[in-house]
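Since the structure comes first, as structure tokens, the remarks are kept for the end.
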Amino acid sequence: MILSVVVPTMNKVELLEQTLKALQNQDAGEGRTWEVVVVNDGSTDGTTDFLATMDGAGINPLLRVVSPPHNVGRAKARNLGANAAAGRWILFLDDDIVAPEGLVHAHLDLLENNSGSGTIGYAITDPSVADAPHFSYLDSRGVAKLSSGPAPGRFFVTQNAAVSREAFLSIGGFDEDFSSYGFEDMEVAFRLEQDAGVRFQALIQPVPLHVHHHTLKQYLEKKVECGRHSLPHLARLHPERIPEMKLHHVVDYKGQAGVGVLSRVIRGLSATPLRSVLESILVRWPADARHQPVLSSFHHRLMDLVVLMCFRQGVREGDRNN
């Protein structure tokens with residue numbers, strides 16, 4: 001079997017249904033047999049019953065379901081899916097991603113034409129849920145900045161990225177100590193680069209739709225959560241990568257020469273009410289009829305600053321609790 005699409009899910013049955021329906025409409029190419037492995041990570045919302053109606057129903061591609069006895073978290077769920085997979089390559093998709101026609105085919109073409117590589121795609125917000133300017137910012141991150149060609153491991157996101165199963169298993173998969181939200185995907189990509197010699201290629205087209213709505217407040221709260229737990233863990237594991245990711249402004253790491261002026265300013269401001277003020281400005285940011293922000297470049301820079309301040313808030317709260 002050439003490919004396994006691994007989709008972890010928890011309590012998103014309506015979104016998962018869209019994801020699986022889109023995968024049923026994929027054509028991997030002649031002679032390319034593939035499968036979908038869904039990891040049902042302790043769902044309580046009807047996901048189990050829904051998957052029971054599909055599992056083994058003779059649909060194309062083959063669908064298999066992995067069901068741990070309880071919720072195990074994002075990292076371990078994906079590891080369980082990868083261990084159960086039969087494909088030469090693993091394509092990680094999230095349960096709120098709707099694949100456009102040709103996505104699986106495009107990943108396989110790029111993988112087969114670039115020996116030893118992985119692929120990193122991205123997703124844009126479904127226009128039907130993009131009702132605020134911050135979605136423009138989210139859609140401009142990572143591989144969306146590239147035209148094609150090589151992509152750095154820090155852009156690896158499990159909503160739409162593929163890698164050799166052999167390489168993935170050789171490094172031990174995702175670090176399961178990432179028990180909360182964030183950075184487990186970048187971390188595994190760093191080890192794939194360093195320990196397995198994987199070089200990533202950007203997959204620019206086709207672009208899936210992300211159909212899960214997050215308010216600005218919800219998005220920023222996730223960044224605070226990352227700062228409490230995942231970011232310090234990433235800094236311990238890969239201190240040399242922290243400056244590359246511009247995260248030296250908010251977290252300390254082994255071997256740092258010191259804290260620069262800009263870093264001190266950002267860290268200081270994150271301890272003031274300014275973040276809340278900037279967030280309120282971003283919520284009211286003027287936008288056009290398509291919810292694209294006016295003065296988008298300035299809007300994106302301000303979003304960058306607020307995200308860093310959220311990370312720092314989380315780091316500070318984590319330090320107090322330890």
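The values are calculated or read from the model by the stated rules, or taken from the named source; none is laboratory data. On a predicted model such as this, the values are computed, not experimentally measured, just so you know. Using ideal geometry, Cβ is built from the backbone for each residue, glycine included, and neighbour counts are taken over all protein chains shown.
Here are the numbers:
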{"read-out": "Total residues in the range 234-253, condition within 17 Å of the chain's Cα centre (by Cα) and either surrounded by fewer than 21 Cβ atoms within 10 Å (Cβ to Cβ) or at pLDDT below 95 (or both)", "value": "1"}
{"read-out": "Residue within the range 148-171 that is among the charged types (D, E, K, R), over 17 Å from Val6 (Cβ atoms) and modelled with pLDDT of 95 or more present", "value": "yes"}
{"read-out": "Scan of the range 113-137 for residues that are outside any strand (DSSP E or B) and within 13 Å of Val207 (Cβ to Cβ), ordered by number", "value": "Gly121, Tyr122, Ala123, Asp126, Pro127"}
{"read-out": "Selection count where residues are modelled with pLDDT of 95 or more, of a type outside the set (A, V, I, L, M, F, W, C), surrounded by fewer than 21 Cβ atoms within 10 Å (Cβ to Cβ) and on the phi < 0 side of the Ramachandran plot, scope the range 177-199", "value": "4"}
{"read-out": "Some residue of the range 201-214 being under 17 Å from the mean Cα position of the chain (by Cα), under 20 Å from Ser117 (Cα atoms), outside any loop (DSSP other than H, G, I, E, B) and at pLDDT 95 or above", "value": "yes"}
{"read-out": "Filter result for Thr48 (part of a helix (DSSP H, G or I) and among the β-branched types (Val, Ile, Thr))", "value": "yes"}
{"read-out": "Restricting the range 143-188 to residues that are part of a helix (DSSP H, G or I) and within 11 Å of the chain's Cα centre (by Cα), the residue that is nearest to Gln201 (Cα to Cα)", "value": "Phe155"}
{"read-out": "Residues located in the range 110-129, provided they are over 13 Å from Ala161 (Cβ atoms) and either of a type in the set (S, T, N, Q) or touching a residue at least 60 places away in the same chain (Cβ under 8 Å) (or both)", "value": "Asn113, Asn114, Ser115, Gly116, Ile124, Thr125, Asp126, Pro127, Ser128, Val129"}
{"read-out": "In the range 43-52, the residues that are crowded, with 18+ Cβ neighbours inside 10 Å and within 9 Å of Asn11 (Cα to Cα)", "value": "Ser43, Thr47"}
{"read-out": "Selected residue [over 27 Å from Glu187 (Cα atoms), touching a Pro at 6+ places or on another chain (Cβ under 8 Å), not β-branched (Val, Ile, Thr) and not assigned by TED's automatic domain parsing to the domain that holds Ser230] from Ala52, Ala28, Ala77", "value": "Ala28"}
{"read-out": "Single match in Asp131, Asp126, Asp139, Asp95 (criterion: over 20 Å from the mean Cα position of the chain (by Cα) and on the phi < 0 side of the Ramachandran plot)", "value": "Asp131"}
{"read-out": "Residue, nearest to the chain's Cα centre (by Cα), within the range 280-290, restricted to residues that are modelled with pLDDT of 95 or more and surrounded by fewer than 16 Cβ atoms within 10 Å (Cβ to Cβ)", "value": "Val283"}
{"read-out": "Residue within the range 98-117 that is in the same structural domain as Gly42 (by TED's automatic domain parsing), within 24 Å of Thr47 (Cα to Cα) and surrounded by fewer than 21 Cβ atoms within 10 Å (Cβ to Cβ) present", "value": "yes"}
{"read-out": "Residue list for the range 11-45, filter: within 19 Å of the chain's Cα centre (by Cα) and part of a loop (DSSP other than H, G, I, E, B)", "value": "Asn11, Lys12, Asp41"}
{"read-out": "Failed condition for Gln256, given (1) surrounded by 15 or more Cβ atoms within 10 Å (Cβ to Cβ); (2) modelled with pLDDT of 95 or more", "value": "(2)"}
